[in-house]
Every structure is written in C-alpha cells, then in structure tokens.
1. Quick check on my filter: what residues within region 23-48 are of a type in the set (D, E) and assigned to a helix (DSSP H, G or I)?
2. Taking the residues in region 129-168 that are polar (S, T, N, Q) and open to solvent by less than 70 Å² (accessible area, probe 1.4 Å) as candidates, determine which candidate is farthest from the chain's Cα centre (by Cα).
3. I need every pair where a residue in region 51-70 that is open to solvent by 90 Å² or more (accessible area, probe 1.4 Å) has its Cβ under 7 Å from the Cβ of a residue that is not aliphatic (A, V, I, L, M), sequence separation at least 6 or different chains.
4. Filtering region 287-302 down to residues that are under 22 Å from R200 (Cα atoms) and part of a strand (DSSP E or B), which residue is most open to solvent (accessible area, probe 1.4 Å)?
5. Pairs please, first residue from region 83-102 and of a type in the set (S, T, N, Q) and modelled with pLDDT of 95 or more, second anywhere and part of a loop (DSSP other than H, G, I, E, B) and buried (at least 16 other Cβ atoms within 10 Å of the Cβ), Cβ atoms under 6 Å, 6+ apart in sequence or on different chains.
6. Kindly evaluate T305 against the criterion of being among the β-branched types (V, I, T), without any contact (Cβ under 8 Å) to a residue 12 or more places away in the chain and open to solvent by 50 Å² or more (accessible area, probe 1.4 Å).
7. Report the residue count in region 224-278 for those that are under 17 Å from K184 (Cα atoms), assigned to a loop (DSSP other than H, G, I, E, B) and either out of contact with any Asp or Glu (no Cβ under 7 Å at 6 or more places or on another chain) or charged (D, E, K, R) (or both).
8. Counting only residues that are open to solvent by less than 50 Å² (accessible area, probe 1.4 Å), among the polar types (S, T, N, Q) and more than 19 Å from E28 (Cα to Cα), how many does region 71-100 have?
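The values are calculated or read from the model by the stated rules, or taken from the named source; none is laboratory data. Here the structure is a predicted model, which means the values were calculated and not measured. Every residue, glycine as well, gets a Cβ built from its backbone with ideal geometry; the counts of neighbours run over all protein chains shown. To get the accessible areas, we keep the full protein, side chains included, count just its heavy atoms, and leave off ligands, DNA and RNA. Shrake-Rupley method; radii C 1.70, N 1.55, O 1.52, S 1.80 Å.
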Amino acid sequence: MTKPIRRILVAGFSTRHVVSSAVRAGLEVCAIDNFCDQDLRRLVFAYKRFEELADLPDLIRSFCSEQKVDAVITTSGAEDLQDLPVPILGTDPGTAAKFLDKALTQQFFEENGFPVPARALPGVFPAMLKPCRGSGGWRNALVTNEMDIRSWESLFPDEPYLLQELVPGIPASVCCVADGRRAKAIAANLQILRGSDEARYGFCGSVTPLCHPLAEQMCIMAEKIASASGCCGVLGIDFLITDTKITAIEVNPRFVATLDTIERANGCNLVKMHIDACHGVLPDTIPKVKQTSIRKILFAPHDLTIRTELSGLIPDVADIPVPPASFEKGDAVISVFGEGQDEASARRTLDNTIRRVTQYIG
C-alpha cells in the first residue's frame, strides 16, 4: 500500500504557483525558492531562500534533515537533481535531463516524427539561436548574420547552443499529465512573451484557454509527445501554431508556469493530478473551462523600491514582494491577473488590475 503524501517540499527557482496548488489540495507544504515572496511565505510552514542554483542540492539535503517531509516536487532549476534524501514526485531526473537539453529535445522530436523547426544550415539566416540549457526563453535570440552569433557568444561564453530555422506562429502550450506511458491534455494556453529588448522571447504570462481552430489538434499532438517522452506527472509542451500548422518547440518536464491560469480557468487542482499520475492514475475526465484567465508578469520600468504592502490586492496579484523590495530596471516585480467570460473581458479586468498596481511601480 502506497504511503499517503501529506507533507511535501517544493524546491526550485520559482515555486509559489506549485505551493499554492498544493495547499489547495490539502497538503502541508514547505519551500526552497529563489524569491520567497510574501504570498509564498504565508502559505508554507517553513521556507528557505537560495541565490545560486549550485547551492540547491545541499540546501535541500540540509532542509530535509530539519523538516520531516514525505516527498519533494521540483520546479525549474531542480528537475534533474539526483540522490535527494526524500522521494521525488515527478519525472525521474535522467529523463528530465534529456528534455532540459534543447539539442536532445530536437533529436527526440525528429526521431519520433513530430513537426519541429529544422536545424539551420551554417551561414543561412535569419535563424533562431537557443541555448541548449535554460528555461523561459530569456536568452533566445533572432540572429541575422555571423556577427549576431558572435555577440551572443560574448554575452554567454562557452554556452552550447542550437540554431533553428525560423517558423511562423503564435506561442502556445499544452499542459499534460502523464504516468510515464500515457498522457492526457489538461489545457491549451496562449503564451505571452516579453516582446522587446534582449529578452523578447522570455515568458511573461499566459491566457487559458487558447481559443484557436487548431487547439484541439494541438492537444492531441501534445498527448502523443507526452506519452512518448517518459515523463511522469504534470508537464508542458510548447508550440508555435498558425491557422494551418502546428510546430513543436520544447518539452518542459516539470510543473508548468501556466498553472495559475489553468486552475483559475477550469477549477482543477494540478498538484492533485500530479500526485495521482505519479501513482499511475490519470483523470477520467478533464474539467471544462468555466472562464478565461490571464496572468501577466510586470517588470520594473526603472530602478525602484517598493515600500507599500500589496497583499491587500490578492487574489488579483501574486508573487508579492516583501517591502521594502528593491528592483533593477527590467526585473520581474509582480504577477497580475484578469478573469472574464471571454478573452476580451478578461483583458479588461487585467488592465484594471495593472492600473491599480502600476501606481506603486510606475
């Protein structure tokens, strides 16, 4: 008989979204996080903050010697950690490591016959340059000549990268839940990218559901990809989608950054689904969408310090900084939400929330 999971540790670069879902699932939760924002601190019975990802394995081990936990759920930056003192709920580190390498992911798509951007031939431009390691798209770059490549290499020396042909489409994703052999699609999402400066391809929000004529077909493809991946628990598949074509981009073998909008849109609990899937149980049915939900990350327009208590804006905001909190220009500051019966009404409520928040960060 499987031992019940009651206390979990959520560890990784950003954990608040998973912690929130786990608490709603009735679990006792502690966290190791790079931010330890105010709303996370209020949800957990214990937390620790780290600065460098290299410190995370030892910090998890020491933390588990101090706190009794039944299992750990890893998020970005911790997916491939091994030899932890408690069981990992999710994709095994070896499988996760394969999908954290974009060159190996490219090979996986090619070998399994999934549509993927072709590798760019030497000297053929424009092309999309992606570091082989790293999440969120923050270091992806459009390169138009060899000088662009050399400039990127100077910023990230000795960093392996992949060059792909450019393909059209809007950025989208599908959240799946898998048991290592089978998978079910939970939700299709529009991804919001930053759209400017050197981090133009960086993730900065999502819309759930994605209303698109090929959304259902994309979900079917995502289930096939997730089933073939060997991943276990909640994972995400990124795509580019046009009116006539779906192209697979990445497999994210961890909890999705779109968790907030998915749970707000259809009322499901992804941590519960994740734990069930890790025990071999996939949902019989997927909850229907009840509303459209949008999350957007706001960034500092200039160097600033927030001294105002913003927790009174919950549930319209998340990832709330602990005042006084200082940010450099371009830093992520806070997440804001909008909901409505359709995307247009959800964007109106999002705009209202942004107006309320920007008086403190404008």
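1. Scanning region 23-48 gives a single hit, D39.
2. Filtering region 129-168 for residues that are polar (S, T, N, Q) and open to solvent by less than 70 Å² (accessible area, probe 1.4 Å), the one farthest from the chain's Cα centre (by Cα) comes out as N145.
3. K68/R7
4. By that ranking, first place goes to K296.
5. T91/C231; T91/P253; T95/G230
6. Against the criterion (among the β-branched types (V, I, T), without any contact (Cβ under 8 Å) to a residue 12 or more places away in the chain and open to solvent by 50 Å² or more (accessible area, probe 1.4 Å)), T305 does not qualify.
7. So the count comes out to 8.
8. Final tally of qualifying residues: 3.
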